[in-house]
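Provided herewith is a single structure, encoded as structure tokens, for subsequent inquiry.
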Amino acid sequence: MSGIQKVFKFGGASVKDAAAVRNLADIVSERVGDNIMLVVSAMGKTTNMLEKVLAAYRAGGRRPEGAPLRAVMEYHDGIMSVLFPDRSHPVYAAVAGLFDELRSHLEEDEPDYDRHYDRTVCYGELISTAIVSAYLSARGIHSEWLDARRLVVTDRCYRAALVDWEETARRIRPLNARFEPGKVFVVQGFIGGTADGLDSTTLGREGSDYTAAIFANCLDAEEVTIWKDVSGLLNADPKRFSETVKIPRISYSEAIELAFYGATIIHPKTIKPLQNKGIRLKVQSFLDPSSDPTVIDGSEDARSLSRDAAVPSYIVKDHQTLVSISPRDYSFMNEHNLQIIFATCDELHIHANMMQTSALMLSICFDYDEAKLKGLLSRLSDRFSVKYNLGLQLFTVRHYLQEGPTPTEEAFLERKRIIVRQSSRSTLQYVLEPVLL
């Protein structure tokens, strides 16, 4: 067995504190002979913290903003102080250098918020992987830190960058030749960079799963494992629903459907690079590494289970905006009008989570984004009447029961006003407005 065979992705929860990093090292130490590489996210809620840091700097005219950044530094220092009691360890200087770089980017006079975002928020992953790689080495595991910004090449669509697959593969493939038995590469999820090396980019929130799929595809790996704090892929978020069912195996296509509708356990772009090369995906618990994972692949067993033995899956997306668009001249919502609207959505990078069309109206439900909503209103208001609702929820039931709602659906729909209800052969969606009592 030569080259990298397995890609492990560890998210923020799996490296949120020193105990979590130790647990990651335990998992890796038991599997290091499987020829693995690690894709690691920012620690805990660091990305959210860095978003607040960036907002504070921009609001303060790029002047040094102490408290938010200091909180991020203290959080990481607290983790390092437990993992590396000897403060002369080189990791302290390495992380201090990364924070110096972060501060210099924060103080840049950058008018483009999205570009400024990518140049600063990426340091969550850079710092996290520096700590993880150093700790693995301290545990006797031969670890090499890699910079994803030099490997995952993208365009300049900041905060939702598109991968240049040809150039990315050209840069990643040589890693197989550099790999040695017992060695572990550690690389950042979520981030990339432009071909000229001048700009950092990000692949979209929760994009570390996608990063793992990119590396697996380019390295012709056998499988990807996403390590989560749940037992596998569940039919509902256990933080929202009291009763959940583990899905033992599903097909690539079913996983794409669930991700598209908002199942947060898998990033929507993850499946395609894996399916293209027949690379299986596992979702496994880092809290109970010996438990059976959920397996996602293209086998006939997976396809038949997805088709014939599927249980209803419940997916909730908060902070939704419903926009209803009608031609001002009362013409039909025909192909010409739809073309104008869809082209505008494409230009503004508005992803429709649900759409409904009637003779005179198109309704689109999407994640709330103030700038995108303003852009849509500005560009369409001359030709169309545009109305919108904010603060909504999108509730999707995949493989709903034709005979009527389950108790789980009924319980979730309580004290909510149904604004839109739409169904297909296998999927039922509600746009909901919470009712204040």
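Any residue in the range 131-142 that is without any contact (Cβ under 8 Å) to a residue 24 or more places away in the chain sitting within a Cβ distance under 7 Å of a residue that is crowded, with 17+ Cβ neighbours inside 10 Å and not in a helix (DSSP H, G or I)? List the pairs, counting only those 6 or more apart or interchain.
These pairs meet every condition: 137/143.
Moving to a separate point now. Give the residue, chosen from 349, 336, that is within 23 Å of residue 396 (Cα to Cα) and out of contact with any Pro (no Cβ under 7 Å at 6 or more places or on another chain).
On the way: 336 fails: within 23 Å of residue 396 (Cα to Cα).
Residue meeting the stated conditions: 349.
Residues in the range 252-267: is at least one part of a helix (DSSP H, G or I), among the β-branched types (Val, Ile, Thr) and either surrounded by fewer than 23 Cβ atoms within 10 Å (Cβ to Cβ) or touching a Lys or Arg at 6+ places or on another chain (Cβ under 9 Å) (or both)? Talk me through it step by step, then tell me what you get.
Looking only at the range 252-267, we keep the residues that are part of a helix (DSSP H, G or I), and these are 252-261.
Checking the rest, the ones that are also among the β-branched types (Val, Ile, Thr) come to 256.
With either surrounded by fewer than 23 Cβ atoms within 10 Å (Cβ to Cβ) or touching a Lys or Arg at 6+ places or on another chain (Cβ under 9 Å) (or both) added as a condition, the list becomes 256.
Within the range 252-267, one or more residues are part of a helix (DSSP H, G or I), among the β-branched types (Val, Ile, Thr) and either surrounded by fewer than 23 Cβ atoms within 10 Å (Cβ to Cβ) or touching a Lys or Arg at 6+ places or on another chain (Cβ under 9 Å) (or both).
Filter the range 365-416 for residues that are in a helix (DSSP H, G or I) and under 30 Å from residue 333 (Cα atoms) and give the result.
370, 371, 372, 373, 374, 375, 376, 377, 378, 379, 380
Of all residues in the range 125-159, which are out of contact with any helix residue (DSSP H, G or I) (no Cβ under 7 Å at 6 or more places or on another chain), hydrophobic (A, V, I, L, M, F, W, C) and not in a helix (DSSP H, G or I)?
146, 157
Hey, another quick one. Of the conditions (1) at pLDDT below 90; (2) under 16 Å from the mean Cα position of the chain (by Cα), residue 299 fails just one. Which one is it?
Single failed check for residue 299: (2).
Residues being surrounded by fewer than 12 Cβ atoms within 10 Å (Cβ to Cβ), without any contact (Cβ under 8 Å) to a residue 12 or more places away in the chain and either more than 29 Å from residue 250 (Cβ to Cβ) or touching a strand residue (DSSP E or B) at 6+ places or on another chain (Cβ under 8 Å) (or both): count how many of those fall in the range 384-437.
2
State all residues of the range 32-51 that are in a helix (DSSP H, G or I) and either in contact with a Lys or Arg (Cβ under 6 Å, 6 or more places away or on another chain) or modelled with pLDDT under 95 (or both); if no residue qualifies, say none. Give the steps one after another, and end with the answer.
Initially, the range 32-51 is screened for residues in a helix (DSSP H, G or I), giving 32-34, 46-51.
Residues satisfying the conditions are 32, 33, 34.
Out of all the residues in the range 18-63, which are within 18 Å of residue 130 (Cβ to Cβ) and in contact with a Gly (Cβ under 7 Å, 6 or more places away or on another chain)?
39, 40, 41, 42, 43, 44, 46, 47, 50, listed by residue number.
Would you confirm whether or not the range 123-137 contains a residue that is buried (at least 17 other Cβ atoms within 10 Å of the Cβ), farther than 29 Å from residue 269 by Cβ and in contact with a strand residue (DSSP E or B) (Cβ under 6 Å, 6 or more places away or on another chain)? Full working, then the answer.
Of the range 123-137, the ones buried (at least 17 other Cβ atoms within 10 Å of the Cβ) are 123-137.
Still in the list and also farther than 29 Å from residue 269 by Cβ: 134-135, 137.
Retained after the next criterion (residues that are in contact with a strand residue (DSSP E or B) (Cβ under 6 Å, 6 or more places away or on another chain)): 137.
For the range 123-137, residues buried (at least 17 other Cβ atoms within 10 Å of the Cβ), farther than 29 Å from residue 269 by Cβ and in contact with a strand residue (DSSP E or B) (Cβ under 6 Å, 6 or more places away or on another chain): present.
Another question, then. Would it be correct to say that residue 113 is in the same structural domain as residue 59 (by TED's automatic domain parsing), surrounded by fewer than 23 Cβ atoms within 10 Å (Cβ to Cβ) and within 21 Å of the chain's Cα centre (by Cα)? First the steps, then the outcome.
Details: in the same structural domain as residue 59 (by TED's automatic domain parsing): yes; surrounded by fewer than 23 Cβ atoms within 10 Å (Cβ to Cβ): yes; within 21 Å of the chain's Cα centre (by Cα): yes.
So residue 113 fits the description; yes.
When the range 294-330 is examined, which residues are found to be outside any loop (DSSP other than H, G, I, E, B) and β-branched (Val, Ile, Thr)? Give the steps one after another, and end with the answer.
Just the residues of the range 294-330 that are outside any loop (DSSP other than H, G, I, E, B), to begin with: 294-297, 300-308, 313-327.
Residues satisfying the conditions are 294, 295, 296, 315, 316, 321, 323, 325.
The values are calculated or read from the model by the stated rules, or taken from the named source; none is laboratory data. Just so we're clear, the structure is a prediction, and the values are computed from it rather than from any experiment. All Cβ positions, even for glycine, are placed from backbone atoms using ideal geometry, and neighbour counts span all protein chains on display.
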